[in-house]
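What follows is calculated from the coordinates using simple rules that are stated; it is not laboratory data. Please read these numbers as outputs of a predicted model, since none were measured by experiment. All Cβ positions, glycine included, derive from the backbone under ideal geometry; neighbour counts span all protein chains shown.
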């Protein structure tokens, strides 16, 4: 299995929020996207119970032009 390097950035990003999609996380970790979505859904369930903001969802078109769900984590 190929190892991917995660680069951490330090500094001021100004007003732009730092985000990472569930698809990027899947790629970095070598997990299937559907498993990352399941993990995020579990996190969202916990966040709801604690009355915290949830991980936001959006949709994208895959290579077969099907609408697929992705989640976006904001830092």
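What order, most packed first, do the peptides 52-63, 36-47 have when packing is the mean number of other Cβ atoms within 10 Å of each residue?
Details: 52-63: 10.7, 36-47: 15.1.
Most protected by this proxy first, the peptides run 36-47, 52-63.
Please report, in cubic angstrom per residue, the volume enclosed by the convex hull of the alpha-carbon atoms of the range 19-74.
Details: hull volume 4.4 nm³, N = 56.
For the range 19-74, the hull spanned by Cα atoms encloses 79 Å³ per residue.
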